[in-house]
Amino acid sequence: MEDRKIIELFFERSEKALDETEKKYGRYCHTVAYSVLGSKEDSEEVVNDTYLRAWNAIPPARPLRLGAFLAKIARNLALDRYAARRRERENIATEAVLDELADCLPDTEGLSVTDELILRGAIDSFLASLPEQTRTVFMRRYWYMMPIARVAYESGMTESNVKTTLHRTRLQFKEHLEKEGIII
């Protein structure tokens, strides 16, 4: 069916518009979404969302090239989904890093400015006391929140050595804070 006729079906609010859109542009929209997401399931959801967006946009929109119109919608939806998945993975990784430190850091919520300065000073003095490589490993993991594999690669160490170094350093950190009178 010609694009002009499909668009007229959209204007008539005929569900046949969706069927004809699927027949003519379904594979194309799926290819566009899959090229961004690399997932068949996610691409299928994006294509279905594309049809819904098209349904809501036509009318009043009257695209001159329906295929390009649908591809743009599919691409934007796929990029949004990709970004959301990436944020989710990053949040999970960030939570894992913070969980590692949970046992050796006090709860900072509600600390006074003075207490924050004392804690900051204790952290600075601890970091200054560490050998350079240990400090670098610690900072890469807990300040820059790098994955263990990347810390190992950039430090010229094995992942096992990095994990051991971090574990021992966290224990030292907790002990240092307790010596400074900071309750954990």
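Just so you know, all these numbers are worked out from the coordinates, no wet-lab data involved. Remember, predicted model here, so these are calculated numbers, not experimental data. Note that we place each Cβ from the backbone using ideal geometry, even for glycine, and neighbour counts take in every protein chain shown.
Taking amide hydrogens as modeled 1.01 Å from N in the peptide plane, which residues meet the under 5 Å criterion relative to Met146, leaving out close sequence neighbours?
Arg141
Distance in nm between label sites at Asp124 and Ala102, each 7 Å beyond Cα in the beta-carbon direction?
Each label point is offset 7 Å from its Cα along the Cβ direction, giving 3.0 nm.
Compute the Rg to Rh ratio over region 105-179 from the alpha carbon atoms, using the Kirkwood formula for Rh, and round to two decimal places. Write down the numbers at each step before the final one.
Numbers: Rg = 13.5 Å, Rh = 13.2 Å.
The Rg/Rh ratio comes out at 1.02.
Apply 1/(1 + (r/R0)^6) to the Cβ-Cβ distance of Lys24 and Leu64, taking R0 = 22 Å, and write down the FRET efficiency to the nearest 0.05.
Numbers: r = 16 Å, r/R0 = 0.71.
Once the sixth-power term is evaluated, E becomes 0.90.
From the phi angles alone, apply the Karplus equation (6.51, -1.76, 1.60; θ = phi - 60°) to region 157-173 and give each ³J(HN,Hα) in whole Hz, x where the residue is Gly or Pro.
For region 157-173, the Karplus curve yields 10, 7, 4, 4, 5, 5, 4, 5, 4, 5, 4, 5, 5, 4, 4, 5, 4 Hz.
With each run of n ≥ 4 DSSP H residues scored as -39500 (n - 2.57), what mean residue ellipticity at 222 nm is computed for the chain after dividing by its residue count and rounding to the nearest 500 deg cm²/dmol? Before the final figure, lay out the partial values.
Values: 8 runs with 142 residues, N = 184.
Result for the chain, helices only: -26000 deg cm²/dmol.
Whole-Hz Karplus ³J(HN,Hα) for region 47-61, in order, using 6.51 cos²θ - 1.76 cosθ + 1.60 and θ = phi - 60°, x for Gly and Pro?
5, 4, 5, 4, 5, 5, 4, 5, 4, 6, 8, 10, x, x, 4
Between Gln133 and Glu45, what is the FRET efficiency for a Förster distance of 30 Å, r being their Cβ-Cβ separation, to the nearest 0.05?
Details: r = 46 Å, r/R0 = 1.55.
Once the sixth-power term is evaluated, E becomes 0.05.
Which of the lysines could a cross-linker span from Lys174 if the Cα-Cα distance has to be under 29 Å and same-chain partners fewer than 8 positions apart are dropped?
Lys163
Could you name the lysines in cross-link range of Lys40, using Cα to Cα under 30 Å and dropping any fewer than eight places away on the same chain?
List returned: Lys5, Lys16, Lys23, Lys24, Lys72.
Please rank Arg13, Arg135, fewest neighbouring Cβ atoms within 10 Å first, as an exposure proxy. Each step should come with its number before you reach the end.
Working: Arg13 10, Arg135 15.
Starting with the residue having the fewest Cβ neighbours, the order is Arg13, Arg135.
Measuring from centroid to centroid over Cα atoms, what is the spacing of region 118-150 and region 57-117 in Å?
After rounding, the separation between the Cα centres reads 27 Å.
Spin-label point model (7 Å from Cα, Cβ direction): what's the Met1 to Glu109 distance in nm?
For Met1 paired with Glu109, the spin-label model returns 5.5 nm.
For a quick check: sort Ser112, Ser155 by the number of other beta carbons within 10 angstrom, fewest at the front.
Working: Ser112 8, Ser155 18.
Taking fewest neighbouring Cβ atoms as first place, the list is Ser112, Ser155.
Just to confirm the number: angle between the C-alpha axis of helix 16-37 and the first principal axis of the chain, 0 to 90 degrees, nearest 10?
Long axis of 16-37 versus the principal axis of the chain: about 30 degrees.
Against the empirical 2.2 N^0.38 Å scaling, what ratio does the C-alpha Rg of the chain come to? Let's see the in-between values first.
Numbers: Rg = 26.9 Å, N = 184, 2.2 N^0.38 = 16.0 Å.
Here the Cα radius of gyration is 1.69 times the empirical estimate.
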